[in-house]
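Data block below; observations after.
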Protein chains: 2
Amino acid sequence: MISERQLRILEAIISDFIDTAQPVGSRTISKKYPLGVSSATIRNEMADLEELGYLEQPHTSSGRVPSDLGYRLYVDSLVNIHSIGIDEKEIIQSMLRNRIIEASDLAKQAAKLLSEFTNLVAIVTIPKFNKCKLANLKLIKVSDTRVLLILVTDTGIVKNIQLAMSYTDQFILDKVSDTMLSFLSGETIENIDVRSILKLKDKLQNLGTFVDYLIPILKDALKSLNGTEQYAEGLSHILFIQEFADSEKAKVIFDFLRDAKNLEIFLDEVSADQLSIKIGSEIGIDSLDACSIISSTYKVDGKSDGKIIVLGPKRMDYGNVVSIVNYISNTLSDVFSGINL
Amino acid sequence: MISERQLRILEAIISDFIDTAQPVGSRTISKKYPLGVSSATIRNEMADLEELGYLEQPHTSSGRVPSDLGYRLYVDSLVNIHSIGIDEKEIIQSMLRNRIIEASDLAKQAAKLLSEFTNLVAIVTIPKFNKCKLANLKLIKVSDTRVLLILVTDTGIVKNIQLAMSYTDQFILDKVSDTMLSFLSGETIENIDVRSILKLKDKLQNLGTFVDYLIPILKDALKSLNGTEQYAEGLSHILFIQEFADSEKAKVIFDFLRDAKNLEIFLDEVSADQLSIKIGSEIGIDSLDACSIISSTYKVDGKSDGKIIVLGPKRMDYGNVVSIVNYISNTLSDVFSGINL
DNA sequence: GTTAGCACTCATATCTATCGAGTGCTAATT
DNA sequence: AATTAGCACTCGATAGATATGAGTGCTAAC
């Protein structure tokens, strides 16, 4: 078992390492932190902490560096998660509320904020749109061959879908969209299946051929709502992180994040817990062994959910990042759920 | 004056340097390129080319490197601009046509294509929307406090603008937007000023108070169409360019490109010619001394214009990049002008 | 005008010596 | 029994010293 003193020494070592990025020695600790013991004592404790697996030594005769296990202990019991400042809160609120209504813009903006506040890489996904309830709907003629389908959820999120149609007349489109809205309003989008679209035909018997033409197109369009969209911001921050200054290391991470397929696996991997922290090897992806991930999920009306991920070096300010992730996650939940004050 | 042989030697040197990124020596040239003269002769010519300012020597006793002037000569008279392949053309066509209709998505997609085909950084701006003619218009209720104004140009470009309104009823919104469309259709968007909006009041006298309320909101919204939007893609390519492998150099460029203000100056700086190539110091921006810029403008119906920029190391495949920029620029012109086949 | 030959230059790579931060262990101290 | 002072030892980092070799400029011969 680990003693109280060992715990305090471990905390000091990790804090110092997070500050300096240098392996920390016993003398540094005894001088910088008021533990009331000499460097020799600390040296002995450090040897024990290494044996317990909390510390590592890059090579004999250098200082110690936290192991993944060490970080884990630090994160679980030592880090204190203060709430973020009032200023930050105000900026986040003003950037995410009352400005944006298109779901993808909202996710993008959230990712941008996350990456700016943490100076790390941020990824935000959009909750699957099809669990939301339909509140408004319009078909808009864009050209002779194209129509825009605009869906609005009861939570005030807008989604644009393009339809390719060779038969477009705004007057008819208005009629069709009004009718559709009249019996689809309030329905969740995933429930808008072919059967419910077929009702269109009953209601608009005088437009039979047009409706026949429209139905398969609508079917396709609704299918496209099933994909998960993800937005990454702040990739370039990787460059500015000491750990990855050697551009070879940065490349490995870039290459990983660039491949959307990787990202998808990665997003599934990231647990669905309210908030999760994964450190180095815990992520289970070789190219990210030098990284930590802080992720959270946000809910829309308690149902469908989107994901928020911050990726950075293991040596990050966990307390700060966690508080930012939490705050943005909650704000997104509110915004997507339509709670606007 | 420069001799024919010097020209051929210069061409060989620059080609080789573009391939290898290494200062090239006289022996390399005499062996790799069938010029029919010995290394000693080439050595003499190289000394002359250096005196003329076309080559530079990083240090005595290393090979030669092209100077900005050398690149300029190369670009002006040596590089051959082949057209891009049929496959590339097909991809570009399929990605830019019949899929996207929102102006910003289009620009984003174009920038993505550019950066993928060139492996360089690409920036695309949207032509000022306000020179286009209005073809369709809708006001859509999104929530109790928000309305979406959707504008469609005669060229099939869509623009969403959000309005904050505390008085929203879809029935009234429909009436207002129909009326607006009836007398604004065909008008260029910059001509839709307050005066023309005021006509609304005449036509919708029974909705007087609502129109009074709406007018200042619309005014603000239309003002927001004046800004130039720009989309950059492929920033991370900087990392993979040998010249900037030293991450300090990459940072300088990143920092420059990250600042939107810089980018604006930069976009103005970039000439309005059909196609322009600027090499190193010709750009006139210290942080980009090691870069070249290939830029082009595309027109919408011959009037308002957007910009396309590719930024990379001076040592780039000019012929290839120019052909890609040209092709995407022309395609964008067509798409924004509504020529869809 | 061209080329072979050679001395010279200088960035890069390799080796060596030194330095010093930090350790582990032992013996003295509390 | 726990703590600490002291000291020999380790090993990466840094600085010089030396070697390498690609490439040049110049001269003299062809």
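The values are calculated or read from the model by the stated rules, or taken from the named source; none is laboratory data. On a predicted model such as this, the values are computed, not experimentally measured, just so you know. So basically every Cβ, Gly included, is an ideal-geometry build from the backbone, and we count neighbours across all protein chains shown. When the accessible area is computed, the model is the full protein with side chains, heavy atoms only, and any ligands, DNA or RNA have been set aside. Shrake-Rupley method; radii C 1.70, N 1.55, O 1.52, S 1.80 Å.
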Inside the stretch A:80-122, the number of residues satisfying the requirement of being closer than 21 Å to A:ILE294 by Cβ, touching a strand residue (DSSP E or B) at 6+ places or on another chain (Cβ under 7 Å) and surrounded by fewer than 18 Cβ atoms within 10 Å (Cβ to Cβ) is 1
With the first residue restricted to the stretch B:27-52 and required to be more than 14 Å from every other protein chain (Cβ to nearest Cβ) and among the basic types (Lys, Arg), and the second required to be open to solvent by less than 60 Å² (accessible area, probe 1.4 Å) and within 12 Å of DNA strand C (Cβ to nearest atom), Cβ contacts under 7 Å at 6 or more apart or on different chains are B:ARG27/B:SER39; B:ARG43/B:SER26
Per the list (1) loosely packed, with under 15 Cβ neighbours inside 10 Å; (2) of a type in the set (A, V, I, L, M); (3) not in a helix (DSSP H, G or I), residue check on B:ALA232 breaks on (1)
Based on what the data block shows, is B:SER3 more than 14 Å from DNA strand D (Cβ to nearest atom), away from chain A (no Cβ under 14 Å), more than 30 Å from B:ILE328 (Cβ to Cβ) and not aliphatic (A, V, I, L, M)?
yes
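Would you check if A:GLY306 is surrounded by fewer than 22 Cβ atoms within 10 Å (Cβ to Cβ), away from every other protein chain (no Cβ under 14 Å) and among the small types (Gly, Ala, Ser)? Steps first, answer last, please.
Numbers: surrounded by fewer than 22 Cβ atoms within 10 Å (Cβ to Cβ): no; away from every other protein chain (no Cβ under 14 Å): yes; among the small types (Gly, Ala, Ser): yes.
Considered against the rule, which asks whether it is surrounded by fewer than 22 Cβ atoms within 10 Å (Cβ to Cβ), away from every other protein chain (no Cβ under 14 Å) and among the small types (Gly, Ala, Ser), A:GLY306 comes out as no.
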Taking the stretch B:201-259 and keeping residues within 14 Å of another protein chain (Cβ to nearest Cβ), within 30 Å of the chain's Cα centre (by Cα) and over 30 Å from A:ALA232 (Cα atoms) leaves B:ASP220
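Table: residues versus (1) within 14 Å of chain A (Cβ to nearest Cβ); (2) among the β-branched types (Val, Ile, Thr); (3) on the phi < 0 side of the Ramachandran plot; (4) assigned to a helix (DSSP H, G or I).
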site: B:ILE140; (1), (2), (3), (4): yes, yes, yes, no
site: B:LEU148; (1), (2), (3), (4): yes, no, yes, no
site: B:THR155; (1), (2), (3), (4): yes, yes, yes, no
site: B:SER177; (1), (2), (3), (4): yes, no, yes, yes
site: B:PHE183; (1), (2), (3), (4): no, no, yes, yes
Condition set out of contact with any helix residue (DSSP H, G or I) (no Cβ under 7 Å at 6 or more places or on another chain) and under 17 Å from B:TYR74 (Cβ atoms), scope the stretch B:321-341, selection surrounded by the most Cβ atoms within 10 Å (Cβ to Cβ): answer is B:VAL322
Note on the stretch B:57-76: residues within 13 Å of DNA strand D (Cβ to nearest atom), in contact (Cβ under 8 Å) with a residue 12 or more places away in the chain and open to solvent by 40 Å² or more (accessible area, probe 1.4 Å) are B:GLN57, B:PRO58
The residue that is most open to solvent (accessible area, probe 1.4 Å), considering only those in the stretch B:244-276 that are part of a helix (DSSP H, G or I) and of a type in the set (Val, Ile, Thr), is B:ILE265
Among helices (runs of 4 or more DSSP H) entirely within the stretch B:17-111, at least 2 residues that are within 16 Å of DNA strand C (Cβ to nearest atom) occur in B:26-32, B:39-51
Every listed condition ((1) within 11 Å of chain B (Cβ to nearest Cβ); (2) crowded, with 20+ Cβ neighbours inside 10 Å) holds for A:ILE192 save (1)
When the stretch B:277-303 is checked residue by residue, the ones that are open to solvent by 10 Å² or more (accessible area, probe 1.4 Å), of a type in the set (Gly, Ala, Ser) and closer than 20 Å to B:ALA110 by Cβ are B:GLY302
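Restricting attention to the stretch A:10-45, report how many residues are farther than 19 Å from A:LYS314 by Cβ and either among the β-branched types (Val, Ile, Thr) or in contact with a strand residue (DSSP E or B) (Cβ under 6 Å, 6 or more places away or on another chain) (or both). Lay out the reasoning, then the answer.
Quick first cut of the stretch A:10-45, residues farther than 19 Å from A:LYS314 by Cβ only: A:25-45.
This time we only want the ones that are either among the β-branched types (Val, Ile, Thr) or in contact with a strand residue (DSSP E or B) (Cβ under 6 Å, 6 or more places away or on another chain) (or both), so: A:28-29, A:37, A:41-42.
Result for the stretch A:10-45: 5.
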Over the stretch A:24-53, the set of residues open to solvent by 40 Å² or more (accessible area, probe 1.4 Å) and either acidic (Asp, Glu) or closer than 18 Å to A:ALA290 by Cα (or both) is A:ASP48, A:GLU50, A:GLU51
Of the residues in the stretch A:191-229 that are of a type in the set (Val, Ile, Thr) and part of a helix (DSSP H, G or I), the one that is nearest to A:LEU148 (Cα to Cα) is A:ILE217
Among (1) open to solvent by 10 Å² or more (accessible area, probe 1.4 Å); (2) under 20 Å from A:LYS299 (Cα atoms); (3) within 10 Å of chain B (Cβ to nearest Cβ), A:ASP144 falls short only on (2)
Of the residues in the stretch B:199-229 that are open to solvent by less than 70 Å² (accessible area, probe 1.4 Å) and in contact with a Ser or Thr (Cβ under 7 Å, 6 or more places away or on another chain), the one that is nearest to B:LYS138 (Cα to Cα) is B:LEU200
Among A:LEU120, A:LEU96, A:LEU113, the single one that is more than 14 Å from the chain's Cα centre (by Cα) and either within 14 Å of another protein chain (Cβ to nearest Cβ) or closer than 27 Å to A:PHE254 by Cβ (or both) is A:LEU96
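Identify the residue in the stretch A:9-23 that is within 14 Å of DNA strand D (Cβ to nearest atom) and surrounded by fewer than 17 Cβ atoms within 10 Å (Cβ to Cβ) and, among all such residues, is nearest to the chain's Cα centre (by Cα). Walk me through it before giving the result.
At the first step, the residues of the stretch A:9-23 found to be within 14 Å of DNA strand D (Cβ to nearest atom) are A:9, A:21-23.
Still in the list and also surrounded by fewer than 17 Cβ atoms within 10 Å (Cβ to Cβ): A:21-22.
Details: A:ALA21: 26, A:GLN22: 30 Å.
Here the answer is A:ALA21.
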